[in-house]
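Since the structure comes first, as structure tokens, the remarks are kept for the end.
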Amino acid sequence: MAYHRLVYPFSAIVGQGELKLALLLNAVNPMIGGLLVRGQKGTGKSSSVRALVDILPEVTVVKGCPFNCSPTDPTNMCPSCLERYRSGEPLENERRPMRIVSLPIGSTDDRVIGSLDIEKAISQGIRALQPGLLAEANQNILYIDEVNLLPDHITDSILDAAASGWNTVEREGISVSHPSRFILIGTMNPEEGELRPQLADRFSLHISVEGIYDEGQRVEIIRRNIEFGEDPVSFSKRWTEEQEELKMRIVKARDLIAKVEIPEPMLRAVASACISLHVDGHRPDISAIRASKTLASLEGRSEVEWGDVMRVAIMAVGHRTRGFGFEEPAKQEEIRETFGAVAGRAQR
């Protein structure tokens, strides 16, 4: 049995409601496209991400496959698994808890995308690939702390895989690919440098977190962290029921999300708001709708309400460049006003 390190329970996190919501939305629906969390040091960014591990549902993988392929989805199979699947060979599978795969600062290309033995690749294809972190991350969460400090070429490789769902390793004219579908979560402290706008745009949702200045909440943060540090086992047991409830909410939301309906007027209202804000590209519209649909499923509803859109609008739009990159992202109040102004159109 694999060793499982105790982490601070997600349910025990004080405050940071928007951060927790954004993490839960991505846990329910990996299609959202990931999350970037900005904030000063000591605001609980990394702790919140790592706390997800105990409430994530299990995934089904092909037993023994180093790429964590799905045994039922041909679009998420490496060439070896796909060949066996097409030939009618049963793919033995197993259930595993989702993992959080952390990418350390200083990781090399080979560690991230994998290394390829050229001589073996000619005759053995995918079997010649020594898997990297992008293989481990398939059907899991890829977490990058201090994402703004990563070298650009590694960041580009990760974002390309996140966008396409595939990782390609090329060496001396030989190319080998494997599936790499993961939930991408990055955290950063803007005091240490900004992320390039074109890279920031690839994270579908953004959250800015700040320290909590309510005295009562700060006292509770102190108390809970001390209790966890002194006796993590007993502290975690106290939150078992809440943790299980959250896990079941995620599982039920995943089952429901395909049935959630989005009224046509709501699609038009979101498009109109994004046009009015002059945001670049179509990602903001798509992200806002996907996040709204996921929020409805998380709350057990089969239809998106305009309130869902309002709750996720800043997450989906607040970081986007505007006017072909010549305008700064819209302020939060401007986003609220713009989306509020089209609310009537969403109800028609």
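Just so it is clear, none of the values below were taken in a lab; they were calculated from the coordinates. Fair warning: this is a prediction, and the values are worked out from it, not measured in the lab. Counting neighbours? That spans all protein chains shown, and the Cβs are built from the backbone with ideal geometry, glycine included.
Summed over all non-identical Cα pairs, the Kirkwood treatment of the chain gives a radius of 21.6 Å. Between E89 and E58, the C-beta separation translates, for a Förster distance of 41 Å, into a calculated FRET efficiency of about 0.95. Cβ crowding within 10 Å, taken as a proxy for footprinting-reagent exposure, orders H153, H319, H178 from fewest neighbours to most as H153, H319, H178.
What FRET efficiency comes out for the pair K259/M31, r = Cβ-Cβ distance, R0 = 22 Å, nearest 0.05? Mind showing how you got there, number by number?
Details: r = 15 Å, r/R0 = 0.69.
The formula returns an efficiency of 0.90 here.
The stretch between S234 and E337, if pulled fully straight at 0.36 nm per residue, gains 32.4 nm over its current Cα-Cα span. Here's the picture: charge each Lys and Arg Cβ at +1 and each Asp and Glu Cβ at -1 in the chain, and of V260, S48, P131 the one pushed furthest to the positive end of that dipole is V260.
What value, in deg cm²/dmol to 500, does the helix sum -39500 (n - 2.57) over DSSP H runs of n ≥ 4 give at 222 nm once divided by the residues of the chain? Walk me through the numbers before you get to the answer.
Numbers: 16 runs with 155 residues, N = 348.
Computed ellipticity for the chain at 222 nm equals -13000 deg cm²/dmol.
Ordering P74, V312, I100 by Cα displacement along the dipole of the chain toward the positive end leaves P74 in first place; charges were set at the Cβ atoms of Lys, Arg (+1) and Asp, Glu (-1). With 5 Å bins beginning at zero, the pair-distance distribution over Cα atoms of segment 126-226 amounts to 2, 10, 19, 17, 14, 12, 10, 7, 4, 2, 2, 1, 0 %. Annotation for segment 190-274: chymotrypsin sites (Phe, Trp or Tyr not before Pro) lying in DSSP loop with at most 16 further Cβ atoms inside 10 Å of their Cβ are Y213.
If you plug the beta carbon distance of D110 and H282 into 1/(1 + (r/R0)^6) with R0 = 35 Å, you get a FRET efficiency near 0.50. Shown here for segment 5-38: trypsin sites (Lys or Arg not before Pro) in loop regions (DSSP other than H, G, I, E, B) with at most 15 other Cβ atoms within 10 Å, namely R5.
Can you classify segment 258-346 as rounded, prolate or oblate using the Cα gyration tensor, where a ≥ b ≥ c are the square roots of its eigenvalues, rounded means a/c under 1.5, and otherwise it's prolate if a/b beats b/c and oblate if not?
On the way: a/c = 2.03, a/b = 1.83, b/c = 1.11.
Verdict is prolate for segment 258-346.
By the gyration tensor of its Cα atoms, with a ≥ b ≥ c the square roots of the eigenvalues, what is the shape of segment 16-209: rounded for a/c under 1.5, prolate for a/b over b/c, or oblate? The shape class here is oblate. Tell me the angle of helix 17-28 to the major Cα principal axis of the chain, expressed in degrees between 0 and 90 and rounded to the nearest ten. So the helix axis and the longest Cα principal axis differ by about 40 degrees. Each Lys and Arg contributes +1 and each Asp and Glu -1, all at the Cβ; summed about the Cα centre of the chain, the dipole is approximately 700 debye.
Taking a virtual spin label 7 Å from the Cα of Y213 along the C-beta vector, which residues in segment 1-43 bring their backbone nitrogen under 15 Å of it? Label zone hits: 40.
The separation of segment 6-26 from segment 140-163, counted between C-alpha centres, amounts to 22 Å.
If you place +1 on the Cβ of every Lys and Arg and -1 on the Cβ of every Asp and Glu, how big does the dipole about the Cα centre of segment 186-280 come out, in debye to the nearest 20? Write down the numbers at each step before the final one.
Working: 13 positive and 19 negative charges, 93 e Å.
Charge dipole of segment 186-280: 440 debye, to the nearest 20.
The C-alpha atoms of the chain define a longest principal axis, and helix 152-164 lies at about 90 degrees to it. Straightening the chain between S177 and L267 buys 28.8 nm, computed as 0.36 nm per residue apart minus the Cα-Cα spacing. Extension gain, E194-R223: 0.36 nm per intervening residue step, less the Cα-Cα distance, totals 7.1 nm. Across segment 202-212, computed HN-Hα scalar couplings (Karplus, 6.51 cos²θ - 1.76 cosθ + 1.60, θ = phi - 60°) run 6, 7, 5, 10, 10, 9, 10, 10, 10, x, 8 Hz from first to last residue, x flagging Gly and Pro.
Where Rh denotes the Kirkwood radius from the mean inverse Cα pair distance, what is Rg over Rh for segment 263-304? Don't jump to the answer; show the numbers that get you there.
On the way: Rg = 11.1 Å, Rh = 10.8 Å.
Using only Cα positions, Rg/Rh for segment 263-304 is 1.02.
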